[in-house]
Amino acid sequence: MNFVQAAAQLADPYRDDRVLQSWLARVLPDEQRHAAEPDFIALAQYAQFTYARQTGTMPSEPTLTQWDVWGNRVDRIELTETWREGPAFAAKHGLVADGHDRALGEFARVQQFAKVYLYHAASAFYSCPLAMTDGVATALRDASNTALRERVLPRLLSRDPATFWISGQWMTENAGGSDVAMSETTARRESDGAWRLDGRKWFTSAINAEFALALARPEGNPAGADGLALFGVETRDADGVWNGITIDRLKDKLGTRELPTAEIHLHGTCAELVGEATHGVRAIAPVLQVTRLWNAFGALSTMQRCLALTRDYARRRVAFGKPLIEQPLFADALAGREAEAEAAFHLATEVALLLGRIESGKGGAHDAALQRLLTPLAKLWICKLGVGIASETVEAFGGIGYLQDSGIPLLLRDAQVFPIWEGASNVQALDFLRALDRLGIDPLLDALDGWLEAAEGVASEADAETIHAAIRHADLWLRDHVHDTPALQAGALRLGLTCARSLAAALLARHATWAQRQRNDPESARALRRFVAHGLDRIIDLDMD
Ligand code: MFK
């Protein structure tokens with residue numbers, strides 16, 4: 001009888017996730033956690049259900065039918081099963097609504113992002129339009145076009161599948177993925193005051209959205225970012241007829257293949273100004289602040305899935321006389337990845353906590369500065385880490401991990417979008433410089449000191465000193481290069497990675513101290529030691545003369 005390897009099973013992503021459980025116990029008040037728990041459990045069950053459903057099969061993909069049999073242009077999209085389930089599931093479990101629910105107070109974002117973390121890996125990237133919907137809702141909250149706001153916002157925040165809308169964000173054009181100021185789409189005002197958009201949008205996700213925010217340049221406005229304006233577009237009328245939109249094709253992507261990302265043309269598309277007829281990039285920035293945090297949580301969710309599957313497989317797979325998990329080298333490498341993911345978790349969750357504090361009115365200027373500085377750091381480091389861990393997961397599964405129907409390659413192909421989606425890592429690094437220019441590094445230094453103070457007694461003095469030394473180096477490097485823009489920009493990624501890792505280490509140290517003292521749990525402290533040993537400082541002083 002030939003040997004057949006038992007397949008890896010997915011452990012309960014809620015109950016069996018030590019890192020999530022420990023963080024929720026520290027941060028979310030008991031009463032609120034109790035109220036949210038049925039949703040957390042339902043999300044975890046859905047993750048296990050979809051994992052079992054997809055095992056051994058290749059996921060289906062959306063299809064575009066441009067013409068009907070009579071020759072009418074219809075541009076009809078057929079969605080996959082998980083995507084058809086998406087709207088009802090997301091609305092019912094408040095994946096967008098929670099973040100904006102004032103009744104949840106300062107922990108609205110904590111609760112929401114705990115759900116995002118549980119849902120993303122199960123969602124076949126339905127999390128993408130939810131991220132956009134959340135970002136667009138955030139931008140619309142302050143829109144001066146009250147009629148638009150009052151019509152659209154309740155739909156984006158609806159918990160009722162019958163009224164829930166998802167939104168897209170149409171920024172990217174052929175000329176500008178990163179350099180959005182190059183956008184070519186134009187906006188003209190009709191004699192009756194209505195706005196019409198003409199142009200081509202090059203990466204619209206998801207094209208089945210009912211609403212979108214789009215950048216376009218009103219006729220007569222100057223070139224550059226300030227000459228763009230932000231418009232709201234309802235994509236179809238009540239009969240499902242497209243609003244002057246034709247879908248040229250669906251993108252043939254490396255991953256995220258269940259997500260219908262389209263190239264479209266706008267032909268006199270009816271649109272409404274969100275606010276003023278200029279400064280569209282400034283107006284869309286709040287969308288980016290939110291969607292970039294979703295990116296980080298998507299990467300965390302992917303890492304959690306990768307690590308959970310690897311752990312399970314390593315218990316089942318025997319090689320050289322014992323399970324892989326008992327092989328010192330395998331166990332060491334896995335613990336290293338877990339430590340990285342745990343530190344990343346505490347960075348992203350701190351941003352979610354800060355966002356909720358600010359939006360609920362509980363956070364002050366220091367929180368706002370910290371949230372602005374940490375968001376690009378979380379996006380750039382955690383999204384890159386997600387690719388690394390997904391790649392290591394393929395390797396951990398060996399030959400099976402390289403086979404499509406194991407489902408493991410999908411994790412890697414999907415993860416590769418994180419460092420690209422909503423601004424590549426270089427854009428994040430430069431955005432970090434933009435934020436530093438306005439706010440300085442002091443909010444980060446002060447926060448790090450506070451977190452390490454809270455960690456005294458559990459984080460070793462040597463680890464605390466390594467963390468301090470890395471951030472001091474970042475501070476000194478910044479001062480040395482402050483008047484040398486090319487050098488500053490050339491080193492921005494290294495600076496960003498150094499700051500992200502140091503701050504994450506300090507946050508992990510703070511949490512490890514709480515876990516040790518309140519739960520007698522030494523695991524986070526062990527993770528901290530490993531994480532610090534991997535090295536925090538990524539700045540290399542290069543003499544570029
Ligand atoms: C899920 C899978 C999806 C399917 C596959 C997807 C594949 C990828 C598809 C894509 O195309 S993803 C790429 C999406 N594109 C981006 O994320 C944009 C990347 N570029 C940037 O983020 C630039 O930094 C940005 C366009 C936002 C600004 O660059 P500019 O043109 O140099 O503008 P500028 O003058 O620096 O900033 C304009 C204003 O916005 C300033 O405010 P003021 O007018 O008050 O001075 C900035 O402070 C503000 N701003 C910019 N970034 C901000 C911000 N404010 C807050 N937070 C930020 N992050």
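All of the numbers you see were taken from the coordinates with simple rules; none came from a lab. Treat the numbers as computed from the prediction; the structure is a model and nothing was measured. Ideal geometry is used to build each Cβ from the backbone, glycine not excepted, and the neighbour counts take in all protein chains shown.
Counting 0.36 nm for each residue step from Asp101 to Lys253 and taking away their Cα separation leaves a gain of 51.2 nm. Gain on full extension, evaluated as 0.36 nm per residue between Asp475 and Ser360 minus their Cα-Cα distance, stands at 38.3 nm. Annotation: amide H-H contacts under 5 Å for Arg257 (H modelled 1.01 Å from N, sequence separation of 5 or more, or interchain): none.
Under the convention that each Lys and Arg Cβ holds +1 and each Asp and Glu Cβ holds -1, the size of the dipole of the chain around its Cα centre is about 840 debye.
About its Cα centre, segment 167-278 has a charge dipole of approximately 300 debye under the convention of +1 per Lys or Arg Cβ and -1 per Asp or Glu Cβ, with nothing else charged. The residue among Cys306, Val96, Thr278 whose Cα reaches farthest toward the positive pole of the charge dipole of the chain, with charges on the beta-carbon of Lys, Arg, Asp and Glu, is Cys306. Computed 3J(HN,Hα) for segment 240-254, one whole-Hz value per residue from the Karplus formula 6.51 cos²θ - 1.76 cosθ + 1.60 where θ = phi - 60°, is x, 7, 5, 7, x, 10, 10, 9, 6, 5, 8, 5, 8, 9, 4, glycine and proline marked x. Charge dipole (Cα centre; +1 on Lys/Arg Cβ, -1 on Asp/Glu Cβ; no other charges) of segment 441-544 amounts to roughly 520 debye. Listed peptides 102-110, 235-243 appear in the order 102-110, 235-243 once ranked by packing, highest mean of other Cβ atoms within 10 Å at the front. Per residue of the chain, the DSSP helices (runs of n ≥ 4 H) give a summed -39500 (n - 2.57) that works out to -18000 deg cm²/dmol at 222 nm.
When both bridge partners sit in the chain, DSSP labels roughly 80% of those beta bridges antiparallel. Per-residue Karplus couplings for segment 184-196, computed as 6.51 cos²θ - 1.76 cosθ + 1.60 with θ equal to phi - 60°, are listed in order as 10, 5, 10, 10, 10, 9, 7, 5, 7, x, 6, 9, 10 Hz, Gly and Pro entered as x. Shape analysis of the chain places it in the oblate category; the axes a ≥ b ≥ c from the Cα gyration tensor give an a/c of at least 1.5, with a/b not above b/c.
Summing charges over neighbours of Ile358, with a neighbour being any other residue whose Cβ is under 10 Å away from its Cβ, gives +1 when K and R count +1 and D and E count -1. Taking a ≥ b ≥ c as the square roots of the eigenvalues of the alpha-carbon gyration tensor, segment 441-544 is classed prolate because a/c is 1.5 or more and a/b outweighs b/c. For the pair Ala11 and Glu150, label points projected 7 Å from Cα toward Cβ lie 5.2 nm apart.
For the pair Asp192 and Arg517 in one chain, pulling the backbone fully straight at 0.36 nm per residue adds 110.3 nm over the alpha carbon distance. Of the options Thr235, Ala223, Ile207, report the single residue whose Cα projects farthest towards the positive end of the charge dipole of segment 167-278 (beta-carbon charges: Lys, Arg +1; Asp, Glu -1). Most positive-ward Cα: Ile207. Label positions at Thr57 and Asp332, each projected 7 Å from the Cα along the C-beta direction, are separated by 4.3 nm. Amide H to amide H, with H built 1.01 Å from N, Phe203 comes under 5 Å of Thr172, counting only residues 5 or more places away or on other chains.
Our coupling estimate for segment 464-476, obtained by passing each phi through the Karplus curve with A = 6.51, B = -1.76, C = 1.60 and θ = phi - 60°, is 4, 5, 4, 5, 4, 4, 5, 6, 5, 4, 4, 4, 5 Hz, Gly and Pro reported as x.
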